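The values are calculated or read from the model by the stated rules, or taken from the named source; none is laboratory data. Just so it is clear, the structure is predicted and the values come from calculations on it, not from any experiment. Counting neighbours? That spans all protein chains shown, and the Cβs are built from the backbone with ideal geometry, glycine included. The accessibility values were calculated without ligands, DNA or RNA, using every heavy atom of the protein model including side chains. Shrake-Rupley method; radii C 1.70, N 1.55, O 1.52, S 1.80 Å.
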Amino acid sequence: MSVTEASPAAPAPRVQDGRTALRTSLPGNELAAGAARRFLRTALAAWAPPGFPERAVDDGTLLLSELVTNAVVHAGTGVDLLCRLDPAAGPELFLAVTDHHPARVLRSRAAPPPEAAEDGRGLHLVAGLADAWGVSYRRDRKTVWCRIDLAADAPAAAPPDGPTQLLAPALPAPPRRADPDWISRGSLSFLAEASELLAGQLDEDNVASLAAQLLVPRLADWCAVWLYPPGAAPRLAHVWHRSEQSADDLRAVLEKSPPPAPAQDGTWGSRPLADPFGATAVPLVAGGHCHGTLMLGRSGLLGLPDGAAGLIDDFARRVALALGTARQYARQAMISTVLQRGLLPPAAGRIPGVEHAVVYEPAAGDWVGGDFYDLFPAGDGRWCFALGDVCGSGPEAASLAGIARPVLRLLAREGYGVADVLDRLNRALADEAATALLAETTAWHTGQGRFLSLLYGEVTPYAPGRPDPYPDPYPGPGPASAPGSGPGPGAFLGARCTIASAGHPLPLLLAADGTVRPAAEPQLLLGISDDARYTSQRLDLAPGDVLLCVTDGVTERRHGRRQFDDDDGLAAALRECRGLAAADVAERIRRAVHDFDDAPPADDLALLVLRA
């Protein structure tokens, strides 16, 4: 896709109430920052006020460039720019950048997560250069603004003079909508916007951050959110001040004087708690549990009008519900992570003479799934591998996958061959299905059988040039290489493989000459019938041969009515991997599956690659 440079033509300045303003829009691409710089220089050249300081040109250009870059990189949308000169206010230069992804909230600067250490660098620069800056949220947009004092020798902003200045700012209060007329007419719109933005947050720190930024400066001069994690001490999660330079100092003051903790049901009496600084504390209660406290302050007020207090109570309930949802999500994520960790086998180590690579991806939105894999040494020089898929998805399927893998390991290490392992596992699943039928369990009522497709095999590396050091428990021809040929003793060359497929997509063998063929025969799904008897197939992996094993998340990946393996699509993709290492084969197949359709895969995806 070609990229068109954003080069806005400067419109004629528009003067309103003594202010000169210019607006433009830019696409969300890498050229937007440069176009924004040209836009500001054009505007300043057009206005050319007497005594215009060089600082306004240098700092203003740098700030606007950083704000545009921040919006394009983090929001990924086009941006709207506003450049306004207000001769009466100082004079001052006002810059604003609006993107269209309001759900991307700003994290607290006090404790950014390690993985986000590079995020928001432009906002730190804004905080250091601008005389004032802030963020405002609406349902469909987010605006970051800054002001630059154009006085020739503008002094640096004085630090706040103690806690009183922070909690009850002496600066003129900005215009806000917390008047009775707006409360009666606009409160429903505000609550609807807040609900929509909060509903998309699944991290409690993001909920706290967004709640504070929605209230300031609409209804308050500053806002703070305390959270009460279960079994842990209360913590000050987020602080927001309409004078951004004061946010860190306000945090220091509030951490020394936290609000009194309410009861678990959030009771403080019938009204919110107010303190002498004009701050109001509201408990965040949902489902009979207090998740935290919302504190907000307004200059010159010892409390809030009745209408505003009711609006904030409604807003606090929505914040509490979002916090409850975020915490429930975090608990589920932790449980699923523990379950998935149990499904993933420990590192298999290196198989002599055989490379291996694995891809395991649960379906989008799931942490655990019904697909599983394993690769482990079984003694006597044998290495066993398995790739399975339980009928169903989610935790129910994962529970059966968690049972099948240790049973496979136990049977293999007891010396059972490939076919015998499948026979015994099949009878175990059939017995469990019969038990479910007799006991009328949930699985029986819902018609969810405990069925399993499984590809299971053994690999035994061999070394030509000396007697085969590994006993062959299966009848059949020996290694393809004749004794005495090839490298000397100790150099492994190829491997013997015994494999069986029970209702599973057939493994494919890519020979060194580029031909691809199935490496096993189809057999019945495990758990269908306890009378089923399974057989195995033998093959030799010569140097350069690749064995590809996949689940149906690969073969049945859909694009409209087509599947990835239609017309032997998987074989065609594997054929293109001739000469590649095992890890490169796995990555190329994984990428081909993802690229088959724009939507993320709807099923678990697992594949195992063995290369001699």
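Here is a yes/no grid of residues against (1) open to solvent by less than 60 Å² (accessible area, probe 1.4 Å); (2) at pLDDT below 95; (3) within 17 Å of C384 (Cα to Cα):
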{"site": "E432", "(1), (2), (3)": "no, yes, no"}
{"site": "Y456", "(1), (2), (3)": "yes, no, yes"}
{"site": "P461", "(1), (2), (3)": "yes, yes, yes"}
{"site": "P469", "(1), (2), (3)": "no, yes, no"}
{"site": "G490", "(1), (2), (3)": "yes, yes, no"}
{"site": "S501", "(1), (2), (3)": "yes, no, yes"}
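Residues of the stretch 553-562 include at least one that is open to solvent by 10 Å² or more (accessible area, probe 1.4 Å) and in a helix (DSSP H, G or I). Close contacts from the stretch 12-32, counting a first residue that is assigned to a strand (DSSP E or B) and open to solvent by less than 50 Å² (accessible area, probe 1.4 Å) and a second that is among the small types (G, A, S) and at pLDDT 55 or above, with Cβ to Cβ under 6 Å and a gap of 6+ residues or different chains, come to L22/A43; L26/A32; L26/A35. Return the residue satisfying two criteria in turn: it lies in the stretch 287-335 and is assigned to a helix (DSSP H, G or I), small (G, A, S) and surrounded by fewer than 18 Cβ atoms within 10 Å (Cβ to Cβ), and of such residues it is modelled with the lowest pLDDT. If we take residues in the stretch 287-335 being assigned to a helix (DSSP H, G or I), small (G, A, S) and surrounded by fewer than 18 Cβ atoms within 10 Å (Cβ to Cβ), then G307 is modelled with the lowest pLDDT.
This table checks each residue for (1) farther than 17 Å from S453 by Cβ; (2) of a type in the set (G, A, S); (3) modelled with pLDDT under 95.
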{"residue": "D513", "(1), (2), (3)": "yes, no, yes"}
{"residue": "I528", "(1), (2), (3)": "no, no, yes"}
{"residue": "V546", "(1), (2), (3)": "yes, no, no"}
{"residue": "G553", "(1), (2), (3)": "no, yes, yes"}
{"residue": "D565", "(1), (2), (3)": "no, no, yes"}
{"residue": "V585", "(1), (2), (3)": "yes, no, no"}
{"residue": "R588", "(1), (2), (3)": "yes, no, no"}
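Per the listing A173, A233, the residue uniquely open to solvent by 10 Å² or more (accessible area, probe 1.4 Å), at pLDDT below 90 and in contact with a Ser or Thr (Cβ under 6 Å, 6 or more places away or on another chain) is A173. Does Q537 count as surrounded by 15 or more Cβ atoms within 10 Å (Cβ to Cβ) and free of Cβ contacts under 8 Å to residues at least 12 places away in the same chain? The answer is no for Q537.
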